[in-house]
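Data block below; observations after.
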Amino acid sequence: SQQGEEDPQALSIQEGENATMNCSYKTSINNLQWYRQNSGRGLVHLILIRSNEREKHSGRLRVTLDTSKKSSSLLITASRAADTASYFCATDVRANQAGTALIFGKGTTLSVSS
Amino acid sequence: SAVISQKPSRDICQRGTSLTIQCQVDSQVTMMFWYRQQPGQSLTLIATANQGSEATYESGFVIDKFPISRPNLTFSTLTVSNMSPEDSSIYLCSVVGGDSSYEQYFGPGTRLTVT
């Protein structure tokens, strides 16, 4: 079964706007990772946030983690058409065993129009 | 990070046949993982492949249908056997990065269509 549930399932915005995607999970985690997938291709690793971290930045990406609510959010600022893709969150399949396989959320499909 | 390649990148196969997908990593890794992504869906773990031991399969996946080999620390194969149209998916391999960050990296995927 899916560990993470992203919302919204689909998001359409204009270039320059910010996009926020949310992810909820069910069990305790070591890390939570965000990925981007363009048009059914391979996954690109965006960012990993550890369970003892609350916020992490990478370029135009900002990820937050709230372990009390078992949720994370991915914010893309000043979006571009090239950000059009599906975004997935993923956590360790085996709770308390980092570095093992991942279980993925259903993903958010982001469409950025110019 | 790790650089991962997969072959073939895509294939169209007839039902009842088998396809072997190769995954090559540019560094030695202990564990390799195989995932399936059905059309419009998220990724589902098929199995974990450790070098020198039998692969560990997730619920709903069996060795007879998805035999896996792991002959060394940089290479693995996944075979999709006796294919049916329901096997049409993207198949991806992944590894955990060599540092202690636990970041997991994915190959470009193999897009399989079964007719």
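The values are calculated or read from the model by the stated rules, or taken from the named source; none is laboratory data. Keep in mind that this is a model prediction, so the values were computed, not measured. Heads up, the Cβs are rebuilt from the backbone with ideal geometry, glycines too, and the neighbour counts pull from every protein chain shown. SASA here: full protein model, heavy atoms, side chains in, ligands and nucleic acids out. Shrake-Rupley method; radii C 1.70, N 1.55, O 1.52, S 1.80 Å.
In percent, how large is the relative contact order of the range B:29-96, given Cα pairs closer than 8 Å and 6 or more residues apart? Let's see the in-between values first.
Details: 121 pairs, mean separation 26.8, N = 68.
Result for the range B:29-96 is 39 percent.
Would you tell me the mean number of C-beta atoms belonging to other protein chains that fall within 10 Å of each C-beta in A:42-50, as a whole number?
Numbers: counts 13, 12, 2, 7, 1, 1, 5, 0, 2.
Neighbouring Cβ atoms belonging to other protein chains average 5 per residue here.
When the Karplus curve 6.51 cos²θ - 1.76 cosθ + 1.60 is applied with θ = phi - 60°, which whole-Hz ³J(HN,Hα) does each residue of the range B:52-60 get, with x for Gly and Pro?
Computed from phi, the couplings for the range B:52-60 are x, 9, 5, 5, 9, 9, 7, 4, x Hz.
Given a 1.4 Å probe and no ligands, DNA or RNA in the count, how much accessible surface is buried by B and A, both sides, to the nearest 100 Å²? Don't skip to the answer; put the middle values down first.
On the way: alone 6270 and 6070 Å², together 10680 Å².
Chains B and A together bury approximately 1700 Å².
For the range B:30-41, in order, what is each residue's ³J(HN,Hα) by Karplus, 6.51 cos²θ - 1.76 cosθ + 1.60 with θ = phi - 60°, in whole Hz (x at glycine and Pro)?
Calculated HN-Hα couplings, in order: 6, 10, 10, 10, 10, 10, 10, 10, 6, x, x, 10 Hz.
Can you tally the net charge around A:ARG50? Count Lys and Arg as +1, Asp and Glu as -1, for every other residue whose Cβ sits under 13 Å from the Cβ of A:ARG50.
-2
Please report, to two decimal places, log10 I(q)/I(0) for the protein assembly as shown at q = 0.14, 0.15, 0.17 Å⁻¹ as given by the Debye formula with identical point scatterers on the Cα atoms and no solvent.
So the normalised log intensities are -0.87, -0.99, -1.23.
Counting each pair of different Cα atoms once, what's the Kirkwood radius of the range B:29-96 in Å, rounded to one decimal?
On the way: mean 1/r = 0.0816 Å⁻¹.
It works out to 12.3 Å.
Considering every Cα-Cα pair within the range A:5-113, what fraction, in whole percent, is farther apart than 18 Å?
Values: 2600 of 5886 pairs.
So the portion of pairs separated by more than 18 Å is 44 percent.
At 1.4 Å probe size, what's the solvent-accessible area of A:SER12? Round to the nearest 10 Å².
Around 100 Å² of this residue is reachable by solvent.
What FRET efficiency comes out for the pair A:ASP66/A:ARG94, r = Cβ-Cβ distance, R0 = 22 Å, nearest 0.05? Don't skip to the answer; put the middle values down first.
Working: r = 22 Å, r/R0 = 0.99.
It comes out at approximately 0.50.
If you keep only loop residues by DSSP, which trypsin sites (Lys or Arg not before Pro) in the range B:12-115 have at most 12 other Cβ atoms within 10 Å of their Cβ?
Numbers: sites: B:ARG15, B:ARG36, B:LYS65, B:ARG111; in loops: B:ARG15, B:LYS65.
Filter output for the range B:12-115: B:ARG15.
Let's test the formula: R0 of 41 Å, r as the Cβ-Cβ distance of B:THR79 and A:LYS26. What FRET efficiency results, to the nearest 0.05?
On the way: r = 32 Å, r/R0 = 0.79.
The computed FRET efficiency comes out at 0.80.
Using θ = phi - 60° and the Karplus form 6.51 cos²θ - 1.76 cosθ + 1.60, what ³J(HN,Hα) does each residue of the range A:54-69 get, whole Hz, x for Gly and Pro?
My calculation for the range A:54-69 gives 10, 8, 8, 10, 8, x, 8, 9, 9, 10, 10, 9, 10, 6, 5, 9 Hz in order.
In terms of Cα to Cα distance under 21 Å, which lysines are near enough to A:LYS69, apart from those fewer than 8 places away along the same chain?
Within the straight-line cut-off, A:LYS69 pairs with A:LYS26, A:LYS56, A:LYS106.
Let me check against my output: what whole-number percent is the relative contact order of chain A, with C-alpha pairs under 8 Å and at least 6 apart?
Details: 296 pairs, mean separation 43.3, N = 114.
Normalised by residue count, the contact order of chain A is 38 percent.
How do B:MET83, B:MET31 stack up against each other in accessible area, from largest to smallest, with a 1.4 angstrom probe?
Numbers: B:MET83 5, B:MET31 55 Å².
Most to least solvent-accessible, the answer reads B:MET31, B:MET83.
Name the long-range amide H neighbours of A:ALA101: under 5 Å, sequence gap of 5 or more, or other chain; modelled H, no Pro or chain starts.
Excluding prolines and chain starts, which carry no amide H, the hits are A:VAL93, A:ARG94.
What do you get for Rg/Rh of the range B:1-63 when both radii come from the Cα atoms and Rh is the Kirkwood radius? Write down the numbers at each step before the final one.
On the way: Rg = 13.3 Å, Rh = 13.7 Å.
Rg divided by Rh gives 0.97.
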